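Report on one structure; see the data block that follows.
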Amino acid sequence: MLLLRVVSRLLCYPDAELHAALPEIRQALAAAPGMLPEPQRMALDGFIAELAVTDLFELQENYVRLFDQGRSLSLHLFEHVHGESRDRGQAMVDLLQRYQERGFTLAARELPDYLPLLLEYLSGQEPAEVAELLGDAADVIVLLGARLRERGSPYGVLFEALETIAGTPLDANELRRKVAGEGPDPTLTRMDEIWEEEQVTFLAGNGADGCAAAAARPAAATVRWVDQQQPTGSGI
């Protein structure tokens, strides 16, 4: 499903390859009408157009601020479902086994519950499996979309599109009310306190810590728009 490939790529960390491909992505969506209600399609098109005219460094800074700082907008689905419980590990194993059974391979640093990766996988699957897995994730999709809207982030349009595909869960309004009453992400507050309390030393040692931190992000699930065939693996 083309729409899932589009959302997968747009949810990844914005790199130069994505920035260069945005006009082609817009053209691909325009050539496949009917995937979304027209207001949502126009909103998605506007989001992509805005990305295309925004400086790449600014896009990257905004992305990190949203998705890489704190847990409330983590793109790892099981973090919202299982937290740090042991159930999260078993859920990872089960999802990874599903990928392997379909011949979908992951790079070493990827976690199977990373949303862009899941969407890339589903873009090549039958509608029944898309409905099953996105249906299972529907509450998290609504939760993340509501939090992005509360922050005024344009990334919310991607989750509106996913909700259209997955279906709106029965408790969607309750989730949105809960989000409206949330305070600041406590993990972000704690990070601010640590920053104030501790001296941060750059260029210490051989710089390995900085490189390790930069490598900690799960590798992006890449879509190469010059090749419109459905991926058979992670495409990384």
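Run down Q69, Q27 and say which single residue is of a type in the set (S, T, N, Q) and under 18 Å from the mean Cα position of the chain (by Cα).
Q69
Restricting to region 2-28, what's the tally of residues that are under 15 Å from T164 (Cβ atoms) and either surrounded by fewer than 18 Cβ atoms within 10 Å (Cβ to Cβ) or among the small types (G, A, S) (or both)?
Result for region 2-28: 1.
Can you find even one residue in region 137-148 that is over 19 Å from E79 (Cα atoms) and part of a loop (DSSP other than H, G, I, E, B)?
No, the conditions are met nowhere in region 137-148.
List every residue pair whose Cβ atoms lie under 6 Å apart, where the two residues are 6 or more positions apart in sequence or sit on different chains, the first residue falls within region 1-27 and is under 13 Å from L118 (Cα atoms), and the second residue, located anywhere, is crowded, with 17+ Cβ neighbours inside 10 Å and not aliphatic (A, V, I, L, M).
So the pair list comes out as M1/S123; L4/S123; R5/S123; S8/P116; S8/E120; L11/P116; C12/P116.
Among the residues in region 114-124, are any charged (D, E, K, R) and within 18 Å of V6 (Cβ to Cβ)?
Checked region 114-124: at least one residue is charged (D, E, K, R) and within 18 Å of V6 (Cβ to Cβ).
Would you mention how many residues in region 149-169 are free of Cβ contacts under 8 Å to residues at least 60 places away in the same chain and part of a helix (DSSP H, G or I)?
Count: 6.
I'd like to know if region 69-79 contains one or more residues that are loosely packed, with under 13 Cβ neighbours inside 10 Å, among the aromatic types (F, W, Y) and either in a helix (DSSP H, G or I) or on the phi > 0 side of the Ramachandran plot (or both).
The answer is no; no qualifying residue exists.
Kindly indicate whether E126 is farther than 14 Å from S74 by Cα, surrounded by 14 or more Cβ atoms within 10 Å (Cβ to Cβ), at pLDDT 90 or above and acidic (D, E).
no
Before we move on, is L59 touching a residue at least 12 places away in the same chain (Cβ under 8 Å), under 28 Å from Q125 (Cα atoms) and either of a type in the set (A, V, I, L, M, F, W, C) or outside any loop (DSSP other than H, G, I, E, B) (or both)?
Against the criterion (touching a residue at least 12 places away in the same chain (Cβ under 8 Å), under 28 Å from Q125 (Cα atoms) and either of a type in the set (A, V, I, L, M, F, W, C) or outside any loop (DSSP other than H, G, I, E, B) (or both)), L59 does not qualify.
Anything in region 118-146 that is aliphatic (A, V, I, L, M) and touching a Pro at 6+ places or on another chain (Cβ under 7 Å)? List them, or say none.
A138, V142
Among the residues of region 146-192, what is the count of those that are under 16 Å from R71 (Cα atoms) and at pLDDT below 80?
Of the residues in region 146-192, 12 are under 16 Å from R71 (Cα atoms) and at pLDDT below 80.
Of the numbered conditions (1) charged (D, E, K, R); (2) at pLDDT below 90; (3) surrounded by 15 or more Cβ atoms within 10 Å (Cβ to Cβ), E120 fails exactly one; give the number of that condition.
Against the list (1) charged (D, E, K, R); (2) at pLDDT below 90; (3) surrounded by 15 or more Cβ atoms within 10 Å (Cβ to Cβ), E120 comes up short only on (2).
Quick one: is V142 touching a Phe, Trp or Tyr at 6+ places or on another chain (Cβ under 8 Å), β-branched (V, I, T) and free of Cβ contacts under 8 Å to residues at least 40 places away in the same chain?
yes
The values are calculated or read from the model by the stated rules, or taken from the named source; none is laboratory data. Every value quoted in this text rests on a predicted model; they were computed, and no experiment measured them. Heads up, the Cβs are rebuilt from the backbone with ideal geometry, glycines too, and the neighbour counts pull from every protein chain shown.
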